[in-house]
Amino acid sequence: MSENAIWAAYEKRLLRVSAYIHEHLDEDLDLGRLSEIACLSAHHWHRVYRAVHNETLAATVRRLRLHRAAGDLVRGGCSVRDIAARWGYPNLQSFTRTFAAAYGMPPARYRKEGSHRAFAPESDRESPRMFDVTIRTLPEQPLLAVSHTGSYMGIGKAFEALYGALFSRNLFRPDMRMIGVFLDDPDLVPEGKLRSLACVTASEDIPAEPPLTRYTLAGGDYAVLRHKGPYADMGLAYRWLYGTWLPASGRSIRDAVMFEAYLNNPREVAPNELLTEICLPLQPAVPA
């Protein structure tokens, strides 16, 4: 069997395991079960997975569960104990300790003081503070993408498929940048029908065979808000950008998609150190 055929087989196994992890995060997941899905021994499969993703399976599951837990904390409603149990921590102390190690503060405090609170209204009035927003003129950008349907919190599944395909086909390049494209408004479209794209920047000469597709970001002016902190925190940043910055800016929205540019990797830095640029398309400035 050729090297390409071998890696094509591994890619299919990576996709099966990644899909299973994302769809069963609230269930018991162990290396033995995932190895069965991959149809390889635990010893060999774990080495393949770590070589491609630069992360152990246990670390992937822990990171994704804490990401979902952080989203539940930001949205409110459920108690910390219920959130802990939902994401595999029947022991509240264990969840508190693990969450604090990853997010820099215990979950109850994170709900009240996490980075999402920076964009929250103060004393029933919108905060007058201005955050780090710049206006940039960006060129048209070709992308390689894998599509995702469902909660935006679950787009990591599509990124797993994207990177699995890039690595197994020897297409990955160090200068590729991660981009998330979000096609629907979560306040208008049911969560299960939300459409998004997990992307990397890529020249047009790189082949795009399934599950890879091509997408092109429109060039033009963008308002770029730099957000530091967990991905689960960014909902209020979007609302602040639309509700506070945009009316005060004197600019109008252009009919193009918003996107997020990820400046570092959640596998390599703590959630509080994640840097994301939220990019809002703008109409050209009207001359004074």
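The values are calculated or read from the model by the stated rules, or taken from the named source; none is laboratory data. All of these numbers come straight from a predicted model, not from anything done at the bench. Neighbour counts are summed over all protein chains in view; Cβ atoms, including those assigned to glycine, are modelled from backbone coordinates with ideal geometry.
Observations on the model:
- Meets criteria (on the phi < 0 side of the Ramachandran plot and either at pLDDT 90 or above or not assigned by TED's automatic domain parsing to the domain that holds Gly154 (or both)) for Leu225: yes
- Only a single item in (1) closer than 22 Å to Tyr110 by Cα; (2) over 20 Å from the mean Cα position of the chain (by Cα) is not met by Thr60, and it is number (2).
- Among residues of region 192-203 that are within 15 Å of Gly156 (Cα to Cα), those with a Cβ under 7 angstrom from a residue that is among the aliphatic types (A, V, I, L, M) and in a loop (DSSP other than H, G, I, E, B), sequence gap 6+ or separate chain, pair up as Arg195/Leu183; Ser196/Ile155; Ser196/Leu183; Ala198/Ile155; Val200/Met176.
- Residues that are buried (at least 16 other Cβ atoms within 10 Å of the Cβ) and either over 23 Å from Lys112 (Cα atoms) or of a type in the set (Val, Ile, Thr) (or both), drawn from region 217-237: Leu217, Gly220, Asp221, Tyr222, Ala223, Val224
- Restricting attention to region 268-286, the residues that are closer than 18 Å to His67 by Cα and either at pLDDT 95 or above or not in a loop (DSSP other than H, G, I, E, B) (or both) total 5.
- Residues being outside any helix (DSSP H, G or I) and either small (Gly, Ala, Ser) or more than 14 Å from the chain's Cα centre (by Cα) (or both) - total across region 244-267: 10
- Within region 74-84, if we keep just the residues that are of a type in the set (A, V, I, L, M, F, W, C) and modelled with pLDDT of 90 or more, the residue that is nearest to Asp30 (Cα to Cα) turns out to be Ala84.
- Residue check for Gly180: in contact (Cβ under 8 Å) with a residue 24 or more places away in the chain, in the same structural domain as Arg267 (by TED's automatic domain parsing), part of a strand (DSSP E or B) and not β-branched (Val, Ile, Thr): yes
- The set of residues in region 164-190 being surrounded by fewer than 21 Cβ atoms within 10 Å (Cβ to Cβ) and closer than 18 Å to Ala19 by Cβ consists of Phe167 alone.
- Taking each residue of region 14-27 that is surrounded by 14 or more Cβ atoms within 10 Å (Cβ to Cβ) and looking for partners that are among the charged types (D, E, K, R) and modelled with pLDDT of 80 or more with beta-carbon atoms closer than 6 Å, six or more apart or interchain, yields Ser18/Glu160; His22/Lys157; Leu25/Arg65.
- Selection over region 250-288 of residues that are over 30 Å from His53 (Cα atoms) and touching a residue at least 40 places away in the same chain (Cβ under 8 Å) gives a count of 7.
- Residue in region 194-210 that is of a type in the set (Val, Ile, Thr), surrounded by 17 or more Cβ atoms within 10 Å (Cβ to Cβ), closer than 23 Å to Pro266 by Cα and in contact with a helix residue (DSSP H, G or I) (Cβ under 8 Å, 6 or more places away or on another chain) present: yes
- For region 30-82, taking the residues that are of a type in the set (Ser, Thr, Tyr) and surrounded by fewer than 18 Cβ atoms within 10 Å (Cβ to Cβ), the one that is nearest to Ala102 (Cα to Cα) is identified as Thr56.
- Complete set of residues in region 39-58 that are in a helix (DSSP H, G or I) and within 15 Å of His22 (Cβ to Cβ): Tyr49, His53, Leu57
- Residue pairs whose Cβ atoms lie under 6 Å apart, sitting 6 or more positions apart in sequence or on different chains, and linking a residue in region 91-105 that is outside any helix (DSSP H, G or I) to a partner that is surrounded by fewer than 17 Cβ atoms within 10 Å (Cβ to Cβ), are Gly104/Asn272.
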